[in-house]
Amino acid sequence: MSASTVRPYPELSVVGVALGTVQGVVMTASFVYIALKLGFGLGGSTVAAILGFVALRGVLRRKSIVENNINQTVASGINTASSGVVFTLPALMLLSVSDPTLSDFPVGPLIFSAIAGSLMGIVLIIPLRKQMVEFERLKFPSGVAVATLLKSPGEGVSQGVILVSGAAIAAGLTLLVNFGLVPEELDVGHVASLPPWLPFALYISAANFGAGLLSGRGGLPFALGGVLAWWVISPIAVQMGWVPPHAAMPPAEVPGWQAGEIYSQMLRPLGIGMLIGGALAGVVSAFPAVAGAMKSLQAAAKLAREQGSSPDELSPTVLGGSAAASLVMLFLAAYFSSDDVGVGTAVIIAIVGALWLALAGIIVAQATGATDISPLSGLALIAVTLMFFITGGNVTAAVLIGVAVCIATSQCADMMQDLKTGHLVGSKPREQQLAQLILCWIGPIIAIGVLFLLWNAPGDGTPGFGPQSTACLEQTQFCLAAPQAGALQGMIEALQSSDAAVDKYLGGAVMGGALSIFPIGGIAVLVGLAMYLPFSITLAYGVGNVVAMGLERGLGRDFIGRKLVPFAAGLIVGEALTQLTWNVVQTGGSLLGGGQ
Amino acid sequence: MKGYVGLVLLVLGIVVAAAFGARNGDRHVHYRQASAQVAAGQHVSDVLDEGRKLNETLKSEGVDLAALSMEEHLALMEKEPRLRQQVEKTDEAITNLRKWGMTGDDNPLHWLARAKQERAHIGLPEPSERLGAWFSVGGTGWLAGILLIVIGAVLARLQQRDDNAGGAAGTEGRVDFPRALAETRTRVAAIRASIEELKMDEDAPKARNAIDQLGAEVLDPLVEGRGQLIARHGLAGFAEYFGPFSAGERNVNRAWSALTDGHAVVAREALDVALAAFEAAEKGYEAVEARG
């Protein structure tokens, strides 16, 4: 074979990175807007992989699965900042309404904090790749779905048909739900006249069911945790009289109120505590493996230097240097956030913030790895709570670090998800890590920039969410609701009135630590997550687990690999794509004056 | 047996610890009851606010509700669905507040003010007080639950250790890492040989199928059984050989991707790297076994 016939195999290529960057920037800007309007963010990996497939393989005729993996890694790495910023920053902006021009707003520290979070999230989670992807073998259902998509050119027609069938079913179901023809929840309990504190409802989501299918037996503790919480603990609490209503409350309102109290005042905060305790115990128990992995990183880096080749992963020196740089940025962000913050407090904020950020990142990566569901909002609340107490009630500093934590935790989950995809398609982890690390500053800047543009949006028919934006002054449909910001604002106000569930956090954390002794990795995080989430999600996910287990028992492992995985991947991909298209059409329609 | 008992204790422990751990202290419970009362009053207040805004809107449109007679008001309600909906909403909210005990001659806003006052009088407990109150109402049960969890988890670990000892003695179901590795290396070498002459852009479906089969028949069962290996060697020992094993697995996946993309050279390189990684895994395993 002559040398001229051998083409290089594109992986970390200019084309792949450029395409990923463009997609990432566009997705960040549009997802910030969508999240302000609708209240939830979207993951970018699936969409980027599909668009990359079309652009790289279809248009540019570049046949490289691993190059598309880099493209989706870059795109989702940039876009992941949007959810982190949108959840936290608008709350701080809304709390500054005494000065709607935001003239004193600490923009510099904000950008420093956001980039520090983005960088730190990546460098802190990279050393855990071996632990989570290779040793624990967390499922990362969306990561598997993207890998299935990337590998589809080589999987043959039959698997392609299965993938497309799954996507078509998901698309159909999503549209039926969005058009209101199918309810968001199948509330069997309501039909059977069960009280709301004994719920039996299934969340109608193809992606959630698909994630359950992909997780199989591994996801079962999550579903069982939900069953214990709502079918055992909740009735016990009611029957024991632990949720007594006000003497004057109308009897018809009592069961609903009790269900709300059990969720918001009992199970949810306890679940957050279990997540924290479980993650802490997980870090301690996994320490030998992580230390071993770090040693092997060092050895591999040394060997690669000697041989003049590139190692599999970024070297500990690069990771350590980046971590130190982000810590300094976090300190500067805290110090310059407010005149009330001195050097000592800023040092404490930076260190505690970094420690919490690392722990929260691990929790989110583990939860996403096991179930595809991220408890981001609860962890952001704890971050803001911690900082609120450290700074003696300084909201600006607290939210600024909350921004960093939110972005960092999103980055952790996204990086690990992409690394899982990379493992399945055979990408070099170093290339993925490098791409995401180098470009991690773009997302925060775009997301913050778009937020500021939308804050004071002056024109008629221009969307905005600040009180001085024309849309909100005139109360038109272009005034964006920013529901997540409202939620965090409510949390901050609760903190200011000392309403922090310290008892549940502590009790749950000890429970999480004790559960971690059980020889099933991550069980505390799974049970904690089940208590944290609405039961309808957990139950529908559990149905997926049981179906997968039944199919494996009846039809064998081969069926799972060849049929069920592409089908479940199709369900995830189909819902993500349909929901995105729906949101774009819906928000585009309202921009053009159609209203909602 | 120990495993089942452990599991039952663990589940029981979760239920007991979570149920008691989720309890709230008395003052917190009273505060939440009072909050429900405030929420009911606040709802009426919000509905009345909406009504006031609608009145202003109608006034700006030339309709002064205050100046209308009852008949005119009713007639307007027929014509203006906004007004009818608002009146119905207000009636419903006030009826609901009456169910809460508001008397007919009471003003909803006064009622709300009293409810707020009652809540403020109870007050939210400070974090330290909240912690103490929580422990006093649920602490014993919560601790008992934690104890059950710990006993259950320890029993499950003991069972795992016994299973592993059984495995070491040659019981069926034991993960035989060296044998699986040897099988892997043989198969990877065969796949490597089969694509020795493969040219760029040439398809190799047989090689890809062979990789798929290797995954399904050898690598996946090994990955599934890794719990036994962790129990046998501890996490640190396990990491020593499972890291290289995973690197080998990843490079086999890379070969699959490269073959799909028609890059025979990269596929061959990846399989070479995989073979070296599996060899390193084998050596690592032997070293860990030798250390006992």
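Things to note:
- Spatial separation of Cα centroids for the stretch A:45-107 and the stretch B:224-292, in angstrom: 34
- Using Cβ point charges alone (K and R +1, D and E -1), the dipole size of the stretch B:26-122 about the Cα centre works out to roughly 580 debye.
- Placing unit charges on each Cβ (+1 for Lys and Arg, -1 for Asp and Glu) gives the protein assembly as shown a dipole about its Cα centre, and among A:PHE31, A:GLY464, B:VAL44 the Cα reaching farthest toward its positive end belongs to A:PHE31.
- Extension gain (nm, one decimal) between B:THR95 and B:GLU118, 0.36 nm per residue minus Cα-Cα: 6.1 nm
- Residues of the stretch A:196-237 with amide N under 18 Å of the 7 Å Cα→Cβ point at A:MET549: A:209-232
- Chain A: C-alpha gyration tensor shape, a/c 1.5 cut-off, then a/b vs b/c: rounded
- Charge-dipole axis of the protein assembly as shown as Lys and Arg at +1 and Asp and Glu at -1 on Cβ define it, positive-most pick from A:VAL290, A:ALA413, A:LEU434: A:VAL290
- Dipole axis of the stretch B:182-292 (+1 Lys, Arg; -1 Asp, Glu on Cβ), positive-most option in B:LEU222, B:LEU271, B:THR260: B:LEU222
- Close lysine pairs were tallied over chain A: pairs 8 or more places apart or on different chains with Cα atoms under 14 Å apart number 8.
- Among the helices of chain A, those built from whole DSSP H runs whose Cα atoms reach 24 Å or more along their own axis and whose mean Kyte-Doolittle hydropathy is at least 1.6 are A:14-38, A:107-125, A:157-178, A:343-371.
- Taking all Cα pairs closer than 8 Å and separated by 6 or more residues, the relative contact order of chain A comes to 33 percent.
- Between B:GLU50 and A:LYS295, the modelled labels are 6.6 nm apart [label points 7 Å from Cα along Cα→Cβ].
- All lysines inside 19 Å of B:LYS79 as judged from Cα atoms, apart from same-chain residues fewer than 8 positions distant: B:LYS53, B:LYS59, B:LYS89
- Geometric extent, Cα atoms of chain B - Rg, Dmax (angstrom): 36.2, 100
- Charge dipole magnitude, Cβ of K and R +1, D and E -1 - the stretch B:177-291, Cα centre, debye nearest 20: 300
- What you get for chain A, charging only the Cβ of Lys and Arg (+1) and of Asp and Glu (-1), is a dipole of about 1980 debye around the Cα centre.
- With the helix formula -39500 (n - 2.57) applied to DSSP H stretches of n ≥ 4, chain A reaches a computed 222 nm mean residue ellipticity of -22500 deg cm²/dmol.
- Here A:HIS423, B:HIS73, B:HIS263 are placed in order of increasing Cβ neighbour count within 10 Å, fewest first, which gives B:HIS73, A:HIS423, B:HIS263.
- Here the peptides B:112-123, A:128-139, A:517-528 are ranked by packing, the mean other Cβ count within 10 Å, and the order with the highest first is A:517-528, A:128-139, B:112-123.
- For A:VAL584 and A:VAL227, the difference between the fully extended length at 0.36 nm per residue and the C-alpha to C-alpha distance is 124.9 nm.
- Neighbouring Cβ atoms from other chains, within 10 Å of the Cβ of residues in B:245-258, number 6 on average.
- FRET efficiency, 1/(1 + (r/R0)^6) with R0 56 Å, evaluated for A:SER310 and A:SER264 via beta carbons: 0.65
- Pairs of Cα atoms farther than 19 Å apart, the stretch B:177-291, %: 43
- Averaging Cα coordinates gives a centre for the stretch A:398-475 and one for the stretch A:230-284; these two points are 33 Å apart.
Only the coordinates and a few stated rules stand behind these numbers; no lab work does. Treat the numbers as computed from the prediction; the structure is a model and nothing was measured. Note: ideal-geometry Cβ built from the backbone for every residue, glycine included; neighbour counts use all protein chains shown.
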